[in-house]
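Below: one structure, written as structure tokens.
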Amino acid sequence: MLKLDKINRILSTPYSGLVSVIFGMMVLSFPIGCYVMFDSDLGKEINFQYPINGFDLFLGGIGYKLPVSFEIGDGFMISWAIYAFLFTISFLGPGTTFMRTLSHVMSEGWKTFKDNALVNMITWFTILILFSLLVDLVQQSFGVKIESPQTGNSLIRFFQLTVAPLTEESGFRILLVGIPLYMMYCNQVSWKLFFKSLWRPSHYLGITNYRKAMILVITIGLFFGAAHIISGTPWSPGKFSQASIAGIIIGWVYVRYGFAPAVLIHWAANYFTFSYLFFVSNLAQTSISDESSNPFSSTMEGILVMTGVICIIIKILNYIESKKESAEIKQT
């Protein structure tokens, strides 16, 4: 037990440092994304005033088009403001602030760890990136490549990547996971509890046994993966496994920590990473495919992967430690 605690203490320092670096990069991505949308040459012949006719929604995994017209810049800023709000409230709680959580981990370890939504989000986001890269490497060794949908204009693609977390997480997580969880775990009819449970399922429903919840999360995660290859603008079939793993991880984060960190993980995978890629691509006047392998992108990927490895080790050590503690309690 002492050895596990010592290893955890050793890992807590690089963990806190790397999570802080990723946090700083995420904060910077907010103005960088605005530059990409409003002041770059990414759109070539179009700009932020480009009109969009119809807004795509994914409700229950089925795509719908709302008959509304708006400029691409307006749609971007509405989404941007929602993410900024979710990012801020996640920074502040629910247990304690982001900074205090990391400081507490470094000084006292994980035994009295207080939840912070942003710390949990960054932790699971790096784990998602690590698994996504491993899946891609394994599939490429068998000749299976992941090819993204062909979008004619890069500015439109950036807009689609920006709004996707809000539309997809509302449809897949709230409708297909949150509502069924309420019906499975709630023994009373209460509209107040219903809406609260959609925000933070585990907390408000008092879930302690996650077996049924995980079956639901895995099922919807596989459906999430399938939706990426059968939707109106599908990815190549190789995306199924990668998107399924992402769907399962985001689903678990939604159940365990709430809607805000779940949306922000998807935001990080889309907006956060691509705002930097499109920014560097615009400055260098090269295609985004070239920028995905440049020194900056490689460094960013290395930071995320390194953090993901440390996070997995810490999760495993904490799990082993909790099992040993529960076994000791049963013996006494």
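What follows is calculated from the coordinates using simple rules that are stated; it is not laboratory data. Quantities reported herein were computed from a predicted structural model and do not represent experimental measurements. Don't worry about glycine lacking a Cβ; one is built from the backbone with ideal geometry, like all the others, and counts go over all protein chains shown.
Could you point to the residue in Ile129, His104, Gly33 farthest towards the positive end of region 2-326's charge dipole, with +1 and -1 charges on the Cβ of Lys/Arg and Asp/Glu respectively?
Farthest towards the positive pole: His104.
Tell me the label-point distance for the pair Ala226, Ile179, using the 7 Å Cα-to-Cβ offset, in nm and rounded to one decimal.
If labels sit at Ala226 and Ile179, their model points lie 1.8 nm apart.
Taking neighbour Cβ counts within 10 Å as the exposure measure, how do Leu137, Leu264 sort from fewest upward? Could the numbers behind the result be given before it?
Working: Leu137 9, Leu264 28.
With the sparsest Cβ surroundings first, the list reads Leu137, Leu264.
Which of the aspartates and glutamates could be linked to Lys65 by a straight reach, that is with a Cα gap under 18 Å, when you skip same-chain ones fewer than 8 residues away?
Excluding near neighbours in sequence, the set is Asp56, Asp74, Glu168, Glu169.
Tell me the chymotrypsin sites (Phe, Trp or Tyr not before Pro) within region 135-218 that lie in a loop according to DSSP and have at most 16 other beta-carbon atoms within 10 Å.
When the chymotrypsin sites (Phe, Trp or Tyr not before Pro) of region 135-218 are filtered for loop state and at most 16 Cβ neighbours within 10 Å, Phe142, Tyr210 remain.
Put a dot 7 Å past each Cα toward the Cβ at Leu92 and Ser20; how far apart are the dots in nm?
Result: 2.3 nm between the two label points.
When we measure straight from the Cα of Lys324, which lysines land under 29 angstrom away, once same-chain ones fewer than 8 places off are left out?
Lys3, Lys6, Lys111, Lys114, Lys212, Lys315
Give me Tyr50, Tyr319 sorted ascending by neighbouring Cβ count inside 10 Å, so fewest comes first.
Tyr319, Tyr50
State the three equivalent ellipsoid semi-axes of the chain, derived from the C-alpha gyration tensor as the square roots of 5 times its eigenvalues, in descending order and whole Å.
On the way: eigenvalues 222, 121, 76 Å².
Equivalent-ellipsoid dimensions as semi-axes: 33, 25, 19 Å.
Against the longest principal axis of the chain, how steep is helix 273-284, in degrees 0 to 90 to the nearest 10, with axes from Cα atoms?
40
May I ask you to list the GluC sites (Glu not before Pro) in region 114-220 that are in a DSSP loop and have at most 15 other Cβ atoms within 10 Å of their Cβ?
Values: sites: Glu147, Glu168, Glu169; in loops: Glu147.
Passing sites in region 114-220 are Glu147.
What is the ratio of the Cα radius of gyration of region 52-184 to 2.2 N^0.38 Å, where N is its residue count, to two decimals? Present the calculation step by step, with values, prior to reporting the outcome.
Details: Rg = 18.9 Å, N = 133, 2.2 N^0.38 = 14.1 Å.
Cα-based Rg divided by the globular estimate yields 1.34.
Test of understanding: ordering Ser141, Ser79 by Cβ neighbours within 10 Å, fewest first, what list do you get?
Ascending number of Cβ neighbours within 10 Å: Ser141, Ser79.
May I ask for the angle, rounded to the nearest 10°, between helix 72-92 and the longest principal axis of the chain, with both axes built from Cα atoms and the value confined to 0 to 90°?
Roughly 20 degrees, rounded to the nearest 10.
Could you tell me which trypsin sites (Lys or Arg not before Pro) in region 139-211 are loop residues by DSSP with no more than 16 other beta carbons within 10 angstrom of their beta carbon?
Hits after loop and neighbour filter: Lys145.
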